[in-house]
Amino acid sequence: MSQTLAQRRAADALRNVEELKYRGDYGNYKSYVKALPANILMSGLGQAIATVRSRDRKGYPQLYKHLEGWLCGPDEDAPYRNYTPGLLKAIVAHDQDHYIRAQAEAMAYLEWLRKFADAFLEGGEERE
């Protein structure tokens, strides 16, 4: 039996958060994943993702990698499916329809990342 998009999204988010917990090098990932949806709504997906990509504090590179892996990954519903140059390049290379889909998908994926980060990661509540 095949899984729904929501199930695949949740499974990917869970795998990523469990990997962070196992490695223990997630810094303030938890607070970053909570803040990013508001940043996307205020600034748009492209600008918010560019900001995440530009930061080098623990937590940001992992968050970028997780979003890139989902939005540009092999899933049949990924907005930038199998786009290997990367998420930022995908955002600027594709049309507005892809952008809108990617923004909606990023918001849905971030909801799962936030839930699993709350459930499995300790600390990381620092605000910027």
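The values are calculated or read from the model by the stated rules, or taken from the named source; none is laboratory data. What you see is a predicted model, and the numbers here were worked out from it, not measured in a lab. Methodologically, a virtual Cβ is constructed for each residue, glycine included, from the backbone with ideal geometry; neighbour enumeration extends over all protein chains shown.
For the condition closer than 17 Å to Ala119 by Cα and surrounded by fewer than 16 Cβ atoms within 10 Å (Cβ to Cβ), what is the one hit in Asp77, Asp25?
Working: Asp77 fails: closer than 17 Å to Ala119 by Cα.
Among Asp77, Asp25, only Asp25 is closer than 17 Å to Ala119 by Cα and surrounded by fewer than 16 Cβ atoms within 10 Å (Cβ to Cβ).
So which residues in the range 94-105 are farther than 18 Å from Gln7 by Cβ and surrounded by 12 or more Cβ atoms within 10 Å (Cβ to Cβ)?
Step one: list which residues in the range 94-105 are farther than 18 Å from Gln7 by Cβ, which gives 94-103.
Of everything in the range 94-105, those that are farther than 18 Å from Gln7 by Cβ and surrounded by 12 or more Cβ atoms within 10 Å (Cβ to Cβ) turn out to be His94, His98, Tyr99, Ile100, Arg101, Ala102, Gln103.
Mind counting the residues in the range 45-89 that are hydroxyl-bearing (Ser, Thr, Tyr), part of a helix (DSSP H, G or I) and touching a residue at least 12 places away in the same chain (Cβ under 8 Å)?
In the first step, residues of the range 45-89 are kept if they are hydroxyl-bearing (Ser, Thr, Tyr); the result is 51, 54, 60, 64, 80, 83-84.
In the following step, the residues that additionally are part of a helix (DSSP H, G or I) were identified as 51, 54, 60, 64.
Retained after the next criterion (residues that are touching a residue at least 12 places away in the same chain (Cβ under 8 Å)): 51, 60, 64.
Residues that pass the stated criteria total 3.
Only one of these conditions is not met by Met1: (1) modelled with pLDDT under 95; (2) surrounded by 16 or more Cβ atoms within 10 Å (Cβ to Cβ). Which number is it?
Result: Met1 fails condition (2) only.
Give the number of residues within the range 21-44 that are small (Gly, Ala, Ser) and outside any helix (DSSP H, G or I). Give the steps one after another, and end with the answer.
To start, the set of residues in the range 21-44 that are small (Gly, Ala, Ser) comprises 24, 27, 31, 35, 38, 43-44.
Next cut, outside any helix (DSSP H, G or I) only: 24, 27, 44.
So the answer is 3.
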